[in-house]
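Engineer: I have a structure I would like to understand better, so I am pasting it below and will then ask my questions one at a time.
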Amino acid sequence: MDLIKWRGSYETGIRSMDTQHQKLIELINKLYKVLREQEPSSSIEGVLLEMTTYADEHLQIEEGLLTTNGYPDLANHIAIHQTYRDRLTALTEESARKSATAAQDTYAFLRQWWMEHIVTEDKKYGEFLKSKGVE
Ligand SMILES: [Fe+2]
């Protein structure tokens with residue numbers, strides 16, 4: 001694995017969402033760096049918390065935008081976010097209980113989930129929101 005490079009093809013076309021998605025990718029990359037450099041677990045936990053807190057805020061803002069504009073696939077989109085929240089909660093509990101590998105597992109999950117979500121599910125709402133006048 002390596003750092004993720006942001007590409008134009010990841011964009012939804014909605015400026016605020018794209019800015020936040022890019023910031024999420026930056027935070028995932030930051031987590032990758034602290035893990036690779038084997039920094040003390042306190043700084044790994046700090047970056048993990050920074051990333052997951054920002055991600056949580058982003059999901060709320062995104063859900064608000066989709067709700068306000070009457071996105072037809074809203075319930076499904078929120079359900080997908082909820083599976084993410086549940087999985088992250090489980091991983092966080094696991095890492096509180098033990099292991100040095102838990103942070104790596106959490107990183108792998110965050111990286112895979114966010115990349116997939118941004119380029120599949122989130123891309124679907126771009127055209128819809130634009131048709132509602134959201135930029
Ligand atoms: Fe989303």
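Engineer: How high is the relative contact order of the stretch 11-131, given as a whole-number percent (alpha carbon pairs under 8 Å, six or more residues apart)?
Structural biologist: On the way: 64 pairs, mean separation 50.6, N = 121.
Relative contact order of the stretch 11-131: 42 percent.
Engineer: Taking only Cα atoms and a 10 Å spring cutoff, compute GNM fluctuations for the chain and point out the largest among Ala55, Ala96, Ala108.
Structural biologist: Comparing Ala55, Ala96, Ala108 in the GNM, the peak value goes to Ala96.
Engineer: Name the shape class, rounded, prolate or oblate, that the alpha-carbon gyration tensor gives for the stretch 11-131, where a ≥ b ≥ c are the square roots of its eigenvalues, rounded holds for a/c under 1.5, and otherwise prolate holds if a/b is larger than b/c and oblate otherwise.
Structural biologist: Cα axes put the stretch 11-131 in the prolate bin.
Engineer: Here's a follow-up. Starting from the Cα of Lys123, draw a straight line to each of the lysines and keep only those under 17 Å, dropping any in the same chain fewer than 8 residues away.
Structural biologist: Here the lysines satisfying the reach criterion relative to Lys123 are Lys23, Lys132.
Engineer: Could you work out how far the C-alpha centroid of the stretch 48-63 sits from that of the stretch 82-135, in angstrom?
Structural biologist: 9 Å
Engineer: A further question on this structure: Would you mind computing, in nm to one decimal, how far apart the modelled labels at Glu45 and Thr89 are, each placed 7 Å from Cα along Cα→Cβ?
Structural biologist: Between Glu45 and Thr89, the label points sit 2.1 nm apart.
Engineer: Net charge near Phe109: determine it from the other residues with C-beta under 13 Å of the C-beta of Phe109, scoring Lys and Arg +1 and Asp and Glu -1.
Structural biologist: -1
Any read-out appearing in this document is the output of simple, stated calculations on the displayed coordinates, not a laboratory observation. Model, not experiment: these values are computed from the prediction. Here Cβ is always computed from backbone atoms with ideal geometry, including for glycine, and neighbour counts include all displayed protein chains.
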